[in-house]
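Participant: One structure, pasted below without further comment.
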Amino acid sequence: MSHEPVKFDLPTLFQELEPSLAAFEKNFPLAEFAQANYQQHPFATLLTCCDSRVSPNMLGDTFNRVFCVENIGNQFRNSEGSVLYGLLHLHTPLMLVAGHSECGAIKAAVSDYAAEPDALIKELNTVKDSLQQGCTASKIDLAAASSDQAQLAQLNVDTQVEILLKHPDVRQLVDKQELVVIGLLVDLHNVFGEGYGRVYTVNVNGVKDVDAIKAKDDIGGFTARARRLP
Ligand SMILES: [Zn+2]
């Protein structure tokens, strides 16, 4: 489960970070911020894996637009309060769940993680439970599916959407058409064969059928991105 450590040259890193901080300050969108009365008005609550290769920037500029909740394996139950804050208090009309190919949390969850620290075990137990739930729903054996990481990532996204929709407050928002829950799979590794870093719509409000998603005319560009691993 551990990664090869990469040796960073910290003095160089700090030097390189400074222009980024300065650019953030220089480009701070004060006019828009003031217009919003210095409040936050994100349009999307994004639950994504904290994998550094999955960037919330895929939704464009994130400032005051994306309420981002990140944890390993993009688990609703490991950050339930934060997600609900975005939906019930910030009233974002979009709830996006983004999983990705070669997810380390999924790999860990289907391996032996008993020697990890308690807090990590707790979060991985949730990931494993989500995978189990997804496999049961799709009548797949988790042990047999463990080698297909992208497939598990897709099932994991489905499970998160399902759990979200079972929450009474979330369900009510969806039923009132005040919220759309969209499951995405970020194909970092070109598993679909259409290129590295493509974003696919795999689930909309619990609908997983690709043709049914493609028939939707109210989710903009997410419609054309409908595609699932078989
Ligand atoms: Zn991940």
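Participant: Could you say whether any residue in region 89-97 is within 14 Å of the ligand (Cβ to nearest atom), surrounded by 15 or more Cβ atoms within 10 Å (Cβ to Cβ) and modelled with pLDDT of 95 or more? First the steps, then the outcome.
Facilitator: Initial filter on region 89-97 (within 14 Å of the ligand (Cβ to nearest atom)): 97.
Subsequent filtering for residues that are surrounded by 15 or more Cβ atoms within 10 Å (Cβ to Cβ) retains 97.
From what is left, the residues that are modelled with pLDDT of 95 or more are 97.
Yes, region 89-97 contains a residue that is within 14 Å of the ligand (Cβ to nearest atom), surrounded by 15 or more Cβ atoms within 10 Å (Cβ to Cβ) and modelled with pLDDT of 95 or more.
Yes/no matrix, rows are residues, columns are (1) in contact with a helix residue (DSSP H, G or I) (Cβ under 6 Å, 6 or more places away or on another chain); (2) surrounded by 10 or more Cβ atoms within 10 Å (Cβ to Cβ); (3) at pLDDT 95 or above:
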position: 1; (1), (2), (3): yes, yes, no
position: 5; (1), (2), (3): no, no, no
position: 8; (1), (2), (3): no, no, no
position: 22; (1), (2), (3): no, yes, yes
position: 32; (1), (2), (3): no, yes, no
position: 39; (1), (2), (3): no, no, yes
position: 47; (1), (2), (3): yes, yes, yes
position: 50; (1), (2), (3): no, yes, yes
position: 55; (1), (2), (3): no, yes, no
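Participant: Note down all Cβ pairs under 9 Å where the first residue falls in region 121-143 and is within 13 Å of residue 156 (Cβ to Cβ), the second is of a type in the set (Phe, Trp, Tyr) and in a helix (DSSP H, G or I), and they're at least six residues apart or on different chains.
Facilitator: From region 121-143, no pairs qualify.
Participant: Please go through region 67-88 and pick out each residue that is more than 10 Å from the chain's Cα centre (by Cα) and either within 14 Å of the ligand (Cβ to nearest atom) or in a loop (DSSP other than H, G, I, E, B) (or both).
Facilitator: Answer for region 67-88, where residues must be more than 10 Å from the chain's Cα centre (by Cα) and either within 14 Å of the ligand (Cβ to nearest atom) or in a loop (DSSP other than H, G, I, E, B) (or both): 77, 78, 79.
Participant: Mind listing whichever residues of region 98-123 are within 23 Å of residue 187 (Cα to Cα) and either away from the ligand (no atom under 12 Å from the Cβ) or assigned to a loop (DSSP other than H, G, I, E, B) (or both)?
Facilitator: 101, 102, 103, 110, 111
The values are calculated or read from the model by the stated rules, or taken from the named source; none is laboratory data. None of these values were measured; they are calculated from a predicted model. Here the Cβ is made from the backbone with ideal geometry for all residues, glycine too, and neighbour counts use every protein chain on show.
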